[in-house]
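Below: one structure, written as structure tokens.
The values are calculated or read from the model by the stated rules, or taken from the named source; none is laboratory data. All figures in this text were calculated on a predicted structure; none of them were measured in a lab. Positions of Cβ are generated from backbone atoms using ideal geometry, with glycine treated the same way; all protein chains shown enter the neighbour counts.
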Amino acid sequence: MCLAVPGKIKSIEHLYDGKVRMAKVSFGGIIKEASLEMLPDANIDDYVLVHVGVAISKVDEKEAQKTFKYLEEIGELGELEDVDNYLPKKE
Amino acid sequence: MKYMSEYRDPELAKQYLEEIKRTVTKPWSIMEVCGGQTHSLVKNGIIEMLPKEVTMIHGPGCPVCVTPLRLIDKAIHLAQQKNVILCSFGDMLRVPGSEKSLLEAKAEGGDIRILYSPLEAVKIAEENPNKEVVFFAVGFETTAPANALSVIHAHRKNLKNYSILASHVLVPPAIKAVINDDESKIDGFLAAGHVCTIMGNSEYYPIANKHNVPIVVTGFEPLDVLQGILMVIRQLENKENKVENQYARIVREEGNPNAQQIIFDVFQTQNQTWRGIGEIPESGYGIKEKYKDFDAIKKFDITIKEAPENPDCISGLIMKGIKKPFECVQFGKKCKPTSPIGAPMVSSEGACAAYYHFSGLIEA
Ligand code: SF4
């Protein structure tokens, strides 16, 4: 749960009379919602590090791709997919 | 160099290792604070490739592992109430409470939902006005803003049926506690990169200064960890005690001020109990008075007995760097990831689980 995963902002929606920005972020094709409240200057097509549904930092594209590939290789992207991945697996 | 082939840049990893070997002249103990770094060190076989002078000590850097037993019991108690939906990060489900885990409570019919984000819990509260929705909000400084945001969102939506069971742990006070523990002898620290992404580096300067230890803010990928280790060793060999930033591509000196503002809108620092370690002053976040209606501890009258820890589990000694997981008599015997006795065997960021999964790579 401590991971922050890089993804690309695809679209932005304004909530609460425009005060809050929620983005749809693509993580290698998996789309998740992320709050942009901590990154007021993040925009569509930017890459951001997302931790438990909140974007915490902007990253450049190259860094984002490298990190994503690393997380994929070590099999750490389960939390983006079905939450059932968390349930115990047989040894 | 077998495991190096998996790295994104094996040549560079090799160069760091050689540079570490060239630089080191005496034995040093270095603690990595973040569980992600522990995972990286163990999984990639870095520990056994380091020169014998360098001992890596695995710190308390896994919020799942240090969430107090009593709070887990409270979460289970809440989950067993008919009108409650208890939401949690998945890692918390298998953590043993004194009688059972949340997973067992779920099997017994408790409405327990695994979520990716606390913001999803707010939606569940909106959709279930007749239920009380409680989010089990654990985490380091990295996760605190998201937990705080869930409270702010619920407040904006005027939801009366949302609250969080909060258990936050903070890295700098834990580093101080480790330094002040007479039994643990640590020469230098790798601080957790993503924590500093939020909080910045300022809290580390007085610690490095006062206690004469190098602290290097470090990322979690193998190359990051290797470079962080090299930076600490260079300082140690030169008798320096600076705060350095290995992870500058992500961590800014001042952190993320917007995130800090959100944290301190909702939380204030307070003493916090760490499972296996005990109370550490000013090492957690409690919910401020103005958001007290969202504090599950205040909202529900949870009276349960104080229960003892399993005496076989030496997780505290492991997290303070005094013992290694394989020195625990239960390691790999009664205690396995499928039947954990202590929390560090549950999360993949826990030291015991990391050693169990990749123990073929480590000399016992
Ligand atoms: S191996 Fe199990 S019992 Fe031993 S310290 Fe680790 S979690 Fe506790």
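This table checks each residue for (1) at pLDDT 90 or above; (2) within 23 Å of B:V138 (Cβ to Cβ).
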site	(1), (2)
A:L3	no, yes
A:H14	yes, no
A:R21	yes, no
A:E33	yes, yes
*Of the numbered conditions (1) more than 10 Å from the ligand (Cβ to nearest atom); (2) surrounded by fewer than 18 Cβ atoms within 10 Å (Cβ to Cβ), B:I280 satisfies every one except a single condition; which is it?*
(2)
*assigned to a helix (DSSP H, G or I) and either crowded, with 18+ Cβ neighbours inside 10 Å or under 18 Å from the mean Cα position of the chain (by Cα) (or both): does that describe B:I262?*
yes
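If I go through the stretch B:265-290 residue by residue, how many of them are in a helix (DSSP H, G or I) and touching a Cys at 6+ places or on another chain (Cβ under 9 Å)?
0
Restricting to the stretch B:294-323, count the residues that are part of a loop (DSSP other than H, G, I, E, B), in contact (Cβ under 8 Å) with a residue 60 or more places away in the chain and more than 9 Å from the ligand (Cβ to nearest atom).
Of the residues in the stretch B:294-323, the ones part of a loop (DSSP other than H, G, I, E, B) are B:300-314, B:320-323.
If we keep only those that are in contact (Cβ under 8 Å) with a residue 60 or more places away in the chain too, we end up with B:300, B:302, B:304, B:306-310, B:320-322.
This time we only want the ones that are more than 9 Å from the ligand (Cβ to nearest atom), so: B:300, B:302, B:304, B:306-309, B:320-322.
Final tally of qualifying residues: 10.
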_Please determine whether any residue of the stretch B:268-283 is within 14 Å of chain A (Cβ to nearest Cβ), modelled with pLDDT under 90 and either over 16 Å from B:R70 (Cα atoms) or within 18 Å of the chain's Cα centre (by Cα) (or both)._
no
_All positions within the stretch B:342-364 that are more than 25 Å from B:A177 (Cα to Cα) and modelled with pLDDT of 80 or more_ = B:Y356, B:H357
*For the stretch B:1-103, which helices (runs of 4 or more DSSP H) that fit wholly inside it have 1 or more residues that are among the acidic types (D, E)?*
B:10-23, B:46-49, B:69-79
_B:N201, sole failed condition from (1) crowded, with 23+ Cβ neighbours inside 10 Å; (2) part of a loop (DSSP other than H, G, I, E, B)_ = (1)
*Under the condition of being more than 14 Å from every other protein chain (Cβ to nearest Cβ) and over 18 Å from B:G188 (Cβ atoms), which residue from the stretch B:23-50 is modelled with the highest pLDDT?*
B:M49
*Considering only the stretch B:219-259, state which residues are more than 22 Å from the chain's Cα centre (by Cα), in a helix (DSSP H, G or I) and among the acidic types (D, E).*
B:E237
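In the set B:E254, B:E237, B:E221, which member is exposed (fewer than 15 other Cβ atoms within 10 Å of the Cβ), within 14 Å of another protein chain (Cβ to nearest Cβ) and touching a residue at least 40 places away in the same chain (Cβ under 8 Å)?
Answer to the check: B:E254.
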*Are any of the residues in the stretch B:92-112 closer than 22 Å to A:L49 by Cβ and under 17 Å from the mean Cα position of the chain (by Cα)?*
no
*Can you name the residue in the stretch B:113-144 that is in a loop (DSSP other than H, G, I, E, B) and more than 8 Å from chain A (Cβ to nearest Cβ) and is also nearest to B:W274 (Cα to Cα) among such residues?*
B:E141
*Filtered residues of the stretch B:300-343 (kept if within 14 Å of chain A (Cβ to nearest Cβ) and within 17 Å of the chain's Cα centre (by Cα))*: B:A343
*Does the stretch B:159-178 contain at least one residue that is surrounded by 24 or more Cβ atoms within 10 Å (Cβ to Cβ), at the interface with chain A (Cβ under 10 Å from one of its Cβ atoms) and hydroxyl-bearing (S, T, Y)?*
no
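Just the residues that are of a type outside the set (A, V, I, L, M) and under 18 Å from B:Y285 (Cα atoms), please, taken from the stretch B:75-87.
From the stretch B:75-87, those of a type outside the set (A, V, I, L, M) are B:77, B:80-83, B:87; that's our starting set.
Hits for the stretch B:75-87: nothing passes.
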